[in-house]
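Enquirer: Handing you this structure, nothing more for now.
The values are calculated or read from the model by the stated rules, or taken from the named source; none is laboratory data. As the structure is a prediction and not an experimental result, all values here were calculated from the model. Counting neighbours? That spans all protein chains shown, and the Cβs are built from the backbone with ideal geometry, glycine included. Note: accessible area is taken over every heavy atom of the protein model, side chains too, but ligands, DNA and RNA are not part of it. Shrake-Rupley method; radii C 1.70, N 1.55, O 1.52, S 1.80 Å.
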Amino acid sequence: MNRSWRQQRQAGQDELRAAGVADADQELRWIFEQATGLGPADQIAILDQPVTAHHGRHVDRMVSRRAAGEPLQYVLGHWGFRTLDLLVDRRVLIPRPETEVVAGLAVDALTALGRPGVAVDLGTGSGAIALSLAAERWPDVEVWATDSSADALAVARANLAGLGRRAAVVRLCEGDWFAALPDDLRGRVDVLVTNPPYVAAADPLPVEVAAWEPRDALVPGPTGLEAIEHIIGQAPAWLSDHGVLVVEIGETQGPDAQRLACAAGFASATIHRDLAGRPRALVARRPLPA
Ligand SMILES: C[S@@+](CC[C@H](N)C(=O)[O-])C[C@H]1O[C@@H](n2cnc3c(N)ncnc32)[C@H](O)[C@@H]1O
């Protein structure tokens, strides 16, 4: 006789708790949802029904991966970001809540144009920011999304396919920062947004992050400022006269980011906070045309 969902739940909770997973109950609900397609209320309704062999194997595999330390988002294979449900795996950084705020600042800047605009997302990873711009500003936006990682772009491409007809406004390009972009975009970009790697090489990362997420997505070099400095320095050549640069930063990097923006000739450089109140985004504006 197959075990019941109640027994399956108990076994999963025991395994996750023994592995030190902090919110084992909630994570198991997500794992059940992934395996069955059922929301929390429907999961309760089937607790005394037998688990099919197929479902049991699927849940056991996901629980074992999670108990071995793999991030829940990779185990589930997808994660929510603003209005989107994105495929994620080890080829890309897991989209973070602070990046939802960064994407929102870019959406606001596009909206404020009051006309169709051109946006660039440098280092797009899963496509989280670029696809949010397309989803939320379609059809009034043309989005260029770049990454130096062909693996990451394969994930972004899969996510783009899930965007339906809104996908038509997005272009994916492989290459090193601005080198990935076509030359005729110079001076035409209304909103340049990026969540670059910004962790210093010697800074400690949470074990789960260091062991599972791509290091190139996190660490640009010894100081952590290398990619931010490059992007801020090059951005004015690509932005339109009224263009806006939005950059996600580490919470201690605000003063450096503002200094770099002033040195690059931006007229204003303000730091915005994430939902937890931490200073996590630079918004820099070109001078208005005379
Ligand atoms: C912090 S992740 C951000 C991913 C995604 N935008 C997000 O917010 O979830 C940084 C991304 O920059 C890419 N990257 C790193 N170095 C790069 C470079 N030199 N040129 C272009 N992209 C780069 C990484 O592959 C990674 O996808």
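Enquirer: Taking region 216-232 as the region of interest, how many residues are near the ligand (Cβ under 10 Å from one of its atoms) and of a type in the set (D, E, K, R)?
Expert: Count: 2.
Enquirer: Among the residues of region 43-78, write down those that are within 15 Å of Gln7 (Cβ to Cβ) and of a type in the set (A, V, I, L, M, F, W, C).
Expert: Those that are within 15 Å of Gln7 (Cβ to Cβ) and of a type in the set (A, V, I, L, M, F, W, C): Ile44, Ile46, Leu47, Val51, Ala53, Val59, Val63.
Enquirer: Just need a number here: residues in region 169-184 that are open to solvent by 70 Å² or more (accessible area, probe 1.4 Å) and away from the ligand (no atom under 13 Å from the Cβ).
Expert: 3
Enquirer: I would also like to ask the following. Which pairs turn up if I take residues in region 54-74 that are closer than 20 Å to Val209 by Cβ and of a type outside the set (A, V, I, L, M, F, W, C) and look for partners that are open to solvent by less than 40 Å² (accessible area, probe 1.4 Å) and part of a loop (DSSP other than H, G, I, E, B) with beta carbon separation below 7 Å, at least 6 apart in sequence or on another chain?
Expert: Arg66/Val21; Pro71/Ile94; Gln73/Val88; Gln73/Ile94; Tyr74/Val88
So that you can scan it fast, the table gives a plain yes or no per residue for (1) open to solvent by less than 70 Å² (accessible area, probe 1.4 Å); (2) part of a helix (DSSP H, G or I); (3) in contact with a strand residue (DSSP E or B) (Cβ under 8 Å, 6 or more places away or on another chain); (4) not aromatic (Phe, Trp, Tyr):
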residue: Ala211; (1), (2), (3), (4): yes, yes, no, yes
residue: Thr223; (1), (2), (3), (4): no, no, yes, yes
residue: Asp256; (1), (2), (3), (4): yes, yes, no, yes
residue: Leu260; (1), (2), (3), (4): yes, yes, no, yes
residue: Ala284; (1), (2), (3), (4): yes, no, yes, yes
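Enquirer: Val207 versus (1) at pLDDT 95 or above; (2) of a type in the set (A, V, I, L, M); (3) over 16 Å from the mean Cα position of the chain (by Cα): which is the lone unmet condition?
Expert: (1)
Enquirer: Same structure again: Which one is nearest to Trp212 (Cα to Cα), of the residues in region 80-95 that are free of Cβ contacts under 8 Å to residues at least 60 places away in the same chain and within 10 Å of the ligand (Cβ to nearest atom)?
Expert: Looking at the filtered set, the residue picked out is Pro95.
Enquirer: Out of Pro204, Pro196, which single residue is under 23 Å from Gly117 (Cβ atoms) and either touching a residue at least 24 places away in the same chain (Cβ under 8 Å) or part of a loop (DSSP other than H, G, I, E, B) (or both)?
Expert: Just one listed residue meets the conditions, Pro196.
Enquirer: Restricting region 103-143 to residues that are more than 16 Å from the ligand (Cβ to nearest atom) and of a type in the set (A, V, I, L, M, F, W, C), which is farthest from Val283 (Cα to Cα)?
Expert: The extreme case among them is Trp138.
Enquirer: Filter region 155-166 down to the residues that are surrounded by 17 or more Cβ atoms within 10 Å (Cβ to Cβ) and assigned to a helix (DSSP H, G or I) and list them by number.
Expert: Val155, Ala156, Asn159, Leu160, Arg166
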